[in-house]
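Since the structure comes first, as structure tokens, the remarks are kept for the end.
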Amino acid sequence: MATFDPAELPELLKLYYRRLFPYAQYYRWLNYGGVIKNYFQHREFSFTLKDDIYIRYQSFNNQSDLEKEMQKMNPYKIDIGAVYSHRPNQHNTVKLGAFQAQEKELVFDIDMTDYDDVRRCCSSADICSKCWTLMTMAIRIIDRALKEDFGFKHRLWVYSGRRGVHCWVCDESVRKLSSAVRSGIVEYLSLVKGGQDVKKKVHLSEKIHPFVSKSINIIKKYFEEYALVDQDILENKESWDKILALVPETIHENLQQNFQKHHNSLQRWEYLKKAISCQDNTKNDKCGPLLEWEIMLQYCFPRLDINVSKGINHLLKSPFSVHPKTGRISVPIDLQKVDQFDPFTVPTISSICHELDAISINDEGKEGNEAESDIKHRTRDYKKTSLAPYIKVFEQFLENLDKSRKGELLKKSDLQKDF
């Protein structure tokens with residue numbers, strides 16, 4: 001794979017936006033079948049250009065308009081905002097207070113840096129295969145709840161290009177939700193609470209909510225390999241002291257002594273489970289599975305950025321944007337293959353442009369027909385690169401959106417016939 005050099009980004013972006021960006025699918029997504037008049041035209045886009053020049057309130061008439069502008073600007077980063085009451089690019093001409101964010105997908109942003117107090121392999125912007133399991137668990141837990149507990153059908157999960165994942169919930173009813181309802185949904189999905197100064201961040205009550213028990217069942221599938229082997233959370237005194245802070249003080253001494261007699265995290269965890277069992281709990285401390293689950297949740301449960309989800313006008317990085325530091329493309333994640341998703345094999349802009357160059361050299365000898373349309377040419381272009389399988393995932397998501405929309409329209413016409 002061609003290594004990414006940030007100095008080459010301006011040239012690579014020109015090629016990417018000219019020949020590889022999936023404009024047709026992208027427009028098909030954000031236009032939502034053209035059912036609501038001006039839905040795409042009232043959508044805010046923001047571009048970050050070279051040297052962190054930031055342009056908000058961009059909006060476009062159609063796909064061709066968007067293409068022209070993106071190929072002219074070659075943005076380092078693209079963010080998607082809300083659908084407004086007026087065209088965002090004319091927001092200065094609207095009388096004060098009238099320009100309002102009206103609709104947007106419900107979005108979630110999960111960033112690895114929010115787990116720095118519980119991951120031991122990396123910190124800040126760094127990730128590795130040992131901590132990526134946190135993102136796998138996060139997708140599984142949040143997606144199950146969105147689908148089963150809330151009944152949301154259209155969920156697009158996207159790799160951020162560096163150290164996290166985003167989710168776009170695109171159901172028509174969801175796009176209309178108020179900020180208060182969005183806050184309620186995030187609140188429901190949040191169990192880890194408290195800033196850096198708070199040691200114990202998870203508190204379960206005696207009555208376990210089904211959302212909690214289902215989340216724990218997902219964590220259990222990964223916990224031993226992730227927490228006890230890869231992260232080795234009970235490896236030494238420094239690491240096990242963090243866990244002792246989460247259990248009653250009455251058993252600290254016993255655990256300290258016995259942890260030293262055991263050889264690894266797996267053995268120490270087994271001993272911990274025995275020590276916190278409810279048999280000799282005279283002081284009425286919290287004990288047994290509850291305590292065990294609180295530790296598992298604190299170390300593994302998804303940590304959501306609440307502000308991103310609750311604000312309708314909050315901008316979020318667009319799918320198929322390029323991460324300027326890693327060069328990786330923000331690609332959709334196949335929900336059928338969450339466990340196999342590997343951020344380190346996601347194509348970089350250098351690798352796909354390199355693939356394209358190699359193809360072009362081969363094709364030059366073959367093609368004599370200049371009249372072939374640019375669009376047809378571009379459709380074939382991305383299909384010849386390692387971006388193709390990710391665009392296929394996106395197309396499958398769009399297909400389901402279309403089916404749903406047609407189903408709704410049929411329902412409406414049947415209802416009208418009944419009157």
Completion exercise
Taking protein heavy atoms only, a 1.4 Å probe, and rounding to whole percent, the accessible area of the range 58-187 owed to carbon and sulfur comes out at 45 percent
Exercise for the section: Pop out the carbon and sulfur fraction of the accessible area of the range 200-300 as a percent, whole number, probe 1.4 Å. Expected result: 48 percent
Exercise for the section: Please build a GNM for the chain, connecting alpha carbons under 10 Å apart, and tell me which residue among ILE53, ILE352, ILE295 fluctuates the most. Expected result: ILE53
Practice task
Grab the Cα-Cα distance for ILE306 and LEU49, subtract it from 0.36 nm times how many residues apart they are, and report the gain in nm with one decimal.
Solution key: 89.8 nm
Handout entry: Cβ-Cβ FRET estimate between HIS203 and SER183, R0 fixed at 22 Å, reported to 0.05
Key = 0.65
Handout entry: Amide H partners (placed H, <5 Å) of GLU103, local residues excluded
Key = VAL83
Handout entry: Among TYR271, TYR390, TYR26, residue whose mean-square fluctuation peaks in a GNM of the chain (springs only between Cα atoms under 10 Å)
Key = TYR271
Practice task
Provide the FRET efficiency to the nearest 0.05 for the ASN236-GLN336 pair, computing r from the beta carbons and using R0 = 51 Å.
Solution key: 0.85
Handout entry: Charge dipole of the chain about the Cα centre (unit charges at C-beta), most positive-ward option of ILE312, ILE295, VAL212
Key = ILE312
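Based on the Cα coordinates of the range 164-208, what is the per residue volume of their convex hull in Å³?
Working: hull volume 6.1 nm³, N = 45.
Convex hull of Cα atoms, per residue: 135 Å³.
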Problem - For the range 295-338: rounded, prolate or oblate by the Cα gyration tensor [a/c cutoff 1.5] - result: oblate
Problem - Net charge of neighbours whose Cβ lies under 10 Å from the Cβ of GLY311, counting Lys and Arg as +1 and Asp and Glu as -1 - result: +3
Practice task
Give, as ranges by residue number, the residues of the range 215-230 whose backbone N falls under 20 Å from the point 7 Å along Cα→Cβ of GLN267.
Solution key: 224-230
Practice task
Whole number in Å², please: accessible area per residue of the chain, 1.4 Å probe, ligands, DNA and RNA not counted.
Solution key: 49 Å²
Practice task
Would you work out which of CYS122, SER179, VAL192 lies farthest towards the positive end of the dipole of the range 81-192? Charges go on Cβ: Lys and Arg +1, Asp and Glu -1.
Solution key: SER179
Practice task
Could you state the angle between the C-alpha long axis of helix 129-144 and the longest principal axis of the C-alpha atoms of the chain, as a value from 0 to 90 degrees rounded to the nearest 10?
Solution key: 80 degrees
Completion exercise
Taking Cα atoms, the helix 252-261 axis meets the longest principal axis of the chain at an angle in degrees (rounded to 10) of 80 degrees
Practice task
Work through the residues other than LYS221 whose Cβ is under 13 Å from its Cβ and net out their charges, Lys, Arg +1 and Asp, Glu -1.
Solution key: +1
Exercise for the section: Quick one, can you get me the convex hull of the C-alpha atoms of the range 63-183 expressed as volume per residue in Å³? Expected result: 167 Å³
Fill in the blank from the handout: Output ordering of 102-109, 34-41 (per-residue mean of other Cβ within 10 Å, highest first) is 102-109, 34-41
Handout entry: At 1.567 mPa s and 4 °C, Stokes diffusion of the range 1-119 via Kirkwood alpha-carbon radius, µm² per second
Key = 79 µm²/s
Fill in the blank from the handout: Volume per residue (Å³) of the convex hull spanned by the alpha carbons of the range 200-300 is 96 Å³
Practice task
In a Gaussian network model over the chain where Cα atoms closer than 10 Å are linked, find which of SER215, SER350, SER277 has the largest mean-square fluctuation.
Solution key: SER277
Problem - Assigned charges on the beta-carbon of Lys, Arg, Asp, Glu; the range 200-300 dipole about Cα centre (debye) - result: 320 debye
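In square nanometres, what is one fourth of the surface area of the convex hull spanned by the alpha carbons of the chain?
Values: hull surface 108.0 nm².
Across all orientations, the chain yields a mean hull projection of 27.0 nm².
The values are calculated or read from the model by the stated rules, or taken from the named source; none is laboratory data. Keep in mind the model is a prediction, meaning the values are calculated, not measured. Note that we place each Cβ from the backbone using ideal geometry, even for glycine, and neighbour counts take in every protein chain shown. With ligands, DNA and RNA removed, areas are computed over all heavy atoms of the protein, side chains included. Shrake-Rupley method; radii C 1.70, N 1.55, O 1.52, S 1.80 Å.
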